[in-house]
Amino acid sequence: MATEYQPEDIETKWQRHWEETQAFRVPDDDPRPKYYLLEMFPYPSGKLHMGHVRNYTLGDVVGRQRRMRGFSVLHPIGWDAFGLPAENAAIKNKRHPADWTYSNIAFMRQQLHRIGVGYDWAREIATCHPGYYRWQQLMFVRLFNKGLAYRKGARVNWCPSCQTVLANEQVEGGQCWRCSSRVEQRDMEQWFLRITDYAEELLKALDGLEGRWPDMVLTMQRNWIGRSQGTEIEFPLEEADAAATGARGVSVYTTRPDTLFGVTFLAMDPSHEIARKLAARHGRAKELEAFIEKCSVAESLRTDADRDEEKLGMFLGAYCRHPFTGERVPLVAANYVVAEYGFGAVMGVPAHDQRDFEFARTVPLDGEKSIAVKVVIQPPGDAMPLRGEEMTEAYVEPGVLVGSPGFEGLASTDAITKISEEVERRGLGKRTVRYRLRDWLISRQRYWGAPIPMLHCERCGVVAEREDRLPVVLPEDVELTGEGGSPLGRHPTFSKATCPACGGPARRDTDTMDTFVDSSWYYLRFATPRLETAPVGAKEAQRWMPVDQYIGGIEHAILHLIYARFFHRVMQDVELLPRDIGREPFAHLLNQGMVCLYCEKCQRSHAMSKSHGNTIDPEEMVKKYGADALRLFMMFLGPPQAQFDWKDEGLEAAWRFLGRVWRAVDGAAERLQGAAGGGNRQAAAGTATHKLRVRTHRTIKSVTEDIENRLQPNTAIARLMELTTQLTEHLAQGAAAEFDAAAVREAAETLVLLLGPLTPHLAEELWERLGHTGADRVLDHAWPGYDDALLAGERIQIAVQVNGKLRANLEVEPDIAEEDLKARALAHPGVQSHVGGKTPRRIVVVPGRLLNVVL
């Protein structure tokens, strides 16, 4: 008689077995083809949340399946262990950040074991360990020596709550990305990495990731790099102002030189050096400082062209000259101009730029005088001519130039080139390429981070620490108060050092690195996590890189991924990484969706978070239903890229399904002893045996494609449910003549093997009960193959139409996925000849019968 399904007993048994046998340890000299699988490593916050469970289960499903397919799978885990939460927790609880961090790591490690994720724990790393950040410091020294790391005074984003500087990318809507406090602006000396030197390469290389990375991520990266082709133009200052500022003129960068004759003001960043000097010369220095304080918002907020914050400005009391007409153009300070974009000054063209239009309508030039709106591009055709004083918004579409001497009547698109050429001919500027991407500000004024390995010597200036004196280790006896400035600066001995150049006294830099530096190269350290001579071994990097499949949240689409792509390149360029492993670290990327909880009160879904008070503890769910049921549920509710709402009843349904599998396979195990697999190959079509064999092989084909090619475990699970139903029905025939033990064994073993990546504990236990012992485990068993000949007769006809007219007939499998059906239809020559390269408006599918391409 079959026993009841007891997940806790089964799961702890197999978890212990995997740990004792080091089942997931992978040697570097494994002769099988490599497959490097990686999920974005977690911050050790204390407990896993459901988003973690979904992410790491998905990776485990992929890893186990690839292993069964004959790959040597590298699947490591580590901890993104530095950062503000640990330091803030230490301040609050009077507990050292290291103690808080490592205790959290221990607890979360146990949780990962409990859900059965198969990691090579021998490669585990933590970024807060000196053995890790030592190499990070070495990289910084190499970057400094190559001119890719530098220090300068800059107006920076300061979080008053976290008491540290933030990179532009870490400011969201004017607020700190971590604590949501309003970000302020301060002038400070900071360390930067010259990521802009790699802007063009980072941009162009995205083309090679098409089809392997999500389109949305590629678009976000392209937009963040923000390549634009424009023209530099200098507007001369009036003689007295030029003498007072030491500048001949104010330079601007514009992508719209066709609007040059519509300039009615020049807007400058309030902190622009020339703006400050002009304000001082015209008696407006105090007014400008007050204005700067008023509009002190995060630069990242001010880079958005479509932001709707209030436009603020003040007249600087000075004018420049239009480079073509010689007309006086007023100079103003404006809160929407970014200091580091272009030259920190922009042409004000109210008639043809919406920001400028809003500014002109709301900010008086001087007293009651308003800024003029001058139309220089009229709409094409017979449209009513635009009049500046009547406009309610800027006209930004293409048109025909007016009011532009020498260029009137030109199409605006042609005028961009013609005016740029004239600017260069007259020596007033030049055409150039600019990027939105800014150099990476990595200085942080906190304790719990990797110290920046630089020294300040009165004789030698700023000097890099010698490589043989690394790591610069964080002292343990630091007082954490939460007050401004780096806690390392208050340590009695940390900043006292010897200059490596002259041997004299030097002051050690007390800033630590942005934690995004820690996560920019961790994937490489997994190749040789204990290597003492380099950050990564060349031979091992050549063996494992690139990462074949990277899995993580869309929230890292810009910051982490662009930094990692940058670091991969600079490590090669400073000879810390072989060049023959390629310039891109991640071959394929998948962004898993969030786990949400539907709120009846507000009638919408919210991402699970402590701040919303809507978290569900994975441990409680595992105790109640088992790890396999939780894994199955997480994989079943939609494609992994999609957001899904948590439902307790869904988890219970997953548990019930596993109970059905258990009863079917375990209940038949005794009857199947001695029966070979493979079934009766001569079974007549239409018989129960033939139907079971067809279902078995169709399931193998579908599940293989769903997991291996499409990364869609949800549809794979649906197929496994169908096989379970048919197997159960066949078993219910008992001793009837139609019962075929060989076909049943084939179906049962197939079901267990295909469930192996999804519900590994249950699969191993049932495999053992089916008579497989010793080294014959699901984990190391070959992935089942399917018989094409058996499925050849299982086809249906689909009529393919283009705009309602029959153009082709397709023979397909009855359970073909809709996306596959669409792809096959569009690839058919009879369809292609009528589509003619056009993009379909929509594709209508009537399941089992018809597909219509609508152009």
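Rundown of residues vs (1) under 22 Å from Leu58 (Cβ atoms); (2) among the aromatic types (Phe, Trp, Tyr); (3) modelled with pLDDT of 95 or more, yes/no style:
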| position | (1), (2), (3) |
| --- | --- |
| Arg604 | no, no, no |
| Ser609 | yes, no, no |
| Ile616 | yes, no, no |
| Val622 | yes, no, yes |
| Tyr625 | yes, yes, yes |
| Leu630 | yes, no, yes |
| Gln641 | yes, no, no |
| Ala654 | yes, no, yes |
| Arg660 | no, no, yes |
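How many residues are within 12 Å of Tyr198 (Cβ to Cβ) and surrounded by fewer than 19 Cβ atoms within 10 Å (Cβ to Cβ) if we restrict to region 558-586?
Number satisfying all stated conditions: 3.
For the structure I just gave you, tell me whether Phe235 is touching a Lys or Arg at 6+ places or on another chain (Cβ under 8 Å), outside any strand (DSSP E or B) and either of a type outside the set (S, T, N, Q) or surrounded by fewer than 22 Cβ atoms within 10 Å (Cβ to Cβ) (or both).
For Phe235, the condition - touching a Lys or Arg at 6+ places or on another chain (Cβ under 8 Å), outside any strand (DSSP E or B) and either of a type outside the set (S, T, N, Q) or surrounded by fewer than 22 Cβ atoms within 10 Å (Cβ to Cβ) (or both) - is not met.
Which condition number in (1) on the phi > 0 side of the Ramachandran plot; (2) in contact with a Pro (Cβ under 8 Å, 6 or more places away or on another chain); (3) open to solvent by 20 Å² or more (accessible area, probe 1.4 Å) is the one that His52 fails?
(1)
What is the one condition in (1) open to solvent by 40 Å² or more (accessible area, probe 1.4 Å); (2) under 39 Å from the mean Cα position of the chain (by Cα); (3) at pLDDT 85 or above that Leu821 does not satisfy?
Condition (1) is where Leu821 drops out.
Please go through region 178-203 and pick out each residue that is modelled with pLDDT under 85 and in contact with an Asp or Glu (Cβ under 8 Å, 6 or more places away or on another chain).
Gln185
Could you please give the count of residues in region 441-474 that are modelled with pLDDT of 95 or more and in a strand (DSSP E or B)?
Residues flagged as modelled with pLDDT of 95 or more and in a strand (DSSP E or B) within region 441-474 amount to 9.
Looking only at region 72-91, decide whether some residue is buried (at least 18 other Cβ atoms within 10 Å of the Cβ), more than 27 Å from Leu524 (Cβ to Cβ) and in contact with an Asp or Glu (Cβ under 9 Å, 6 or more places away or on another chain).
Yes, the conditions are met somewhere in region 72-91.
Mind checking which residues of region 180-228 are more than 24 Å from Val156 (Cα to Cα) and among the acidic types (Asp, Glu)?
Once the filter is applied, which keeps residues that are more than 24 Å from Val156 (Cα to Cα) and among the acidic types (Asp, Glu), region 180-228 yields Glu200, Glu201, Asp207, Glu210, Asp215.
I'd like to check which helices (runs of 4 or more DSSP H) are fully inside region 725-801 and have at least 2 residues that are touching a helix residue (DSSP H, G or I) at 6+ places or on another chain (Cβ under 7 Å) and closer than 24 Å to Asp628 by Cα.
Of the helices (runs of 4 or more DSSP H) lying wholly inside region 725-801, those with at least 2 residues that are touching a helix residue (DSSP H, G or I) at 6+ places or on another chain (Cβ under 7 Å) and closer than 24 Å to Asp628 by Cα span 741-755, 760-769.
Select from region 832-855 the residues that are farther than 26 Å from Ile700 by Cα, within 37 Å of the chain's Cα centre (by Cα) and not in a strand (DSSP E or B) and list them in ascending order.
Answer for region 832-855, where residues must be farther than 26 Å from Ile700 by Cα, within 37 Å of the chain's Cα centre (by Cα) and not in a strand (DSSP E or B): Gln832, Val835, Gly836, Gly837, Lys838, Thr839, Pro840, Arg841, Leu855.
Those residues that are over 40 Å from the mean Cα position of the chain (by Cα) and in a strand (DSSP E or B), I need them from region 328-379; list them, please. Before the answer, list the steps.
So in region 328-379, the residues over 40 Å from the mean Cα position of the chain (by Cα) come out as 328-331, 364-379.
Once the filter is applied, which keeps residues that are over 40 Å from the mean Cα position of the chain (by Cα) and in a strand (DSSP E or B), region 328-379 yields Arg328, Val329, Pro330, Leu331, Asp366, Lys369, Ile377, Gln378.
Considering only region 154-170, how many residues are open to solvent by 10 Å² or more (accessible area, probe 1.4 Å), modelled with pLDDT of 75 or more and touching a strand residue (DSSP E or B) at 6+ places or on another chain (Cβ under 7 Å)? First the steps, then the outcome.
Taking region 154-170 first, the residues open to solvent by 10 Å² or more (accessible area, probe 1.4 Å) are 154-155, 160-161, 163, 168-169.
Pick out the ones that are also modelled with pLDDT of 75 or more and you get 154, 160-161, 163.
Filter once more, so that each one left must be touching a strand residue (DSSP E or B) at 6+ places or on another chain (Cβ under 7 Å): 154, 160-161.
Matching residues across region 154-170 total 3.
Being at pLDDT 95 or above, among the small types (Gly, Ala, Ser) and on the phi < 0 side of the Ramachandran plot is the filter here, so list the residues in region 73-117 that pass it.
The answer is Gly78, Ala81, Ala98, Ser103, Ala106.
Please work out if Glu555 is surrounded by 19 or more Cβ atoms within 10 Å (Cβ to Cβ) and of a type in the set (Asp, Glu). Don't jump to the end; show me each part of the working.
On the way: surrounded by 19 or more Cβ atoms within 10 Å (Cβ to Cβ): no; of a type in the set (Asp, Glu): yes.
So Glu555 fails the test.
Could you check region 802-826 and list, in sequence order, the residues that are part of a helix (DSSP H, G or I) and either within 29 Å of Phe71 (Cβ to Cβ) or acidic (Asp, Glu) (or both)? Break it down stepwise before answering.
Taking region 802-826 and keeping what is part of a helix (DSSP H, G or I), we get 818-826.
Of everything in region 802-826, those that are part of a helix (DSSP H, G or I) and either within 29 Å of Phe71 (Cβ to Cβ) or acidic (Asp, Glu) (or both) turn out to be Glu818, Glu819, Asp820, Ala823, Arg824.
Take the residues in region 246-292 that are aromatic (Phe, Trp, Tyr) and part of a helix (DSSP H, G or I); name whichever of them is surrounded by the most Cβ atoms within 10 Å (Cβ to Cβ).
If we filter region 246-292 for residues that are aromatic (Phe, Trp, Tyr), which is where we start, we get 253, 261, 265, 291.
Subsequent filtering for residues that are part of a helix (DSSP H, G or I) retains 261, 291.
Details: Phe261: 24, Phe291: 21.
If we take residues in region 246-292 being aromatic (Phe, Trp, Tyr) and part of a helix (DSSP H, G or I), then Phe261 is surrounded by the most Cβ atoms within 10 Å (Cβ to Cβ).
With the requirement that a residue be touching a residue at least 60 places away in the same chain (Cβ under 8 Å) and exposed (fewer than 12 other Cβ atoms within 10 Å of the Cβ), what does region 775-813 give you?
Asp780, Ala782, Gly785, Gly793
Give region 171-195 a look and list any residue that's surrounded by 18 or more Cβ atoms within 10 Å (Cβ to Cβ) and within 15 Å of Arg565 (Cβ to Cβ), or say none.
Leu193, Ile195
Taking Met40 and the conditions (1) at pLDDT 95 or above; (2) of a type outside the set (Asp, Glu); (3) open to solvent by 40 Å² or more (accessible area, probe 1.4 Å), which numbered condition does it fall short on, given that it satisfies the others?
(3) is the only condition that Met40 fails.
How many residues, within region 130-153, are among the basic types (Lys, Arg) and either open to solvent by less than 10 Å² (accessible area, probe 1.4 Å) or not in a strand (DSSP E or B) (or both)?
The initial filter retains those residues of region 130-153 that are among the basic types (Lys, Arg), namely 134, 142, 146, 151-152.
Checking the rest, the ones that are also either open to solvent by less than 10 Å² (accessible area, probe 1.4 Å) or not in a strand (DSSP E or B) (or both) come to 134, 142, 146.
Total satisfying the criteria: 3.
Scan region 509-551 residue by residue and report those that are in a helix (DSSP H, G or I), within 18 Å of Gly78 (Cβ to Cβ) and of a type in the set (A, V, I, L, M, F, W, C). I'd like the intermediate steps shown before the answer.
In the first step, residues of region 509-551 are kept if they are in a helix (DSSP H, G or I); the result is 515-518, 522-525, 538-544.
After this cut, where a residue has to be within 18 Å of Gly78 (Cβ to Cβ) as well, the list is 515-518, 522-525, 540-541, 544.
The answer is Phe516, Val517, Leu524, Ala541, Trp544.
Residues checked against (1) surrounded by fewer than 19 Cβ atoms within 10 Å (Cβ to Cβ); (2) modelled with pLDDT of 95 or more; (3) within 39 Å of the chain's Cα centre (by Cα):
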| residue | (1), (2), (3) |
| --- | --- |
| Glu746 | no, no, no |
| Leu754 | no, yes, yes |
| Leu758 | no, yes, yes |
| His761 | no, yes, yes |
| Glu764 | no, yes, yes |
| Thr773 | yes, no, no |
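Any residue in region 646-672 that's farther than 19 Å from Thr725 by Cβ: show its pairings with residues that are at pLDDT 95 or above and open to solvent by 10 Å² or more (accessible area, probe 1.4 Å) at Cβ separation under 7 Å, as long as the two are six or more apart or on different chains.
Leu651/Met621; Leu651/Tyr625
The values are calculated or read from the model by the stated rules, or taken from the named source; none is laboratory data. Computed from a predicted structure; not experimentally measured. With ideal geometry, Cβ positions are generated from the backbone for all residues, glycine too; neighbour counts draw on all protein chains shown. The area values use the complete protein model at the heavy-atom level, side chains included, leaving out ligands, DNA and RNA. Shrake-Rupley method; radii C 1.70, N 1.55, O 1.52, S 1.80 Å.
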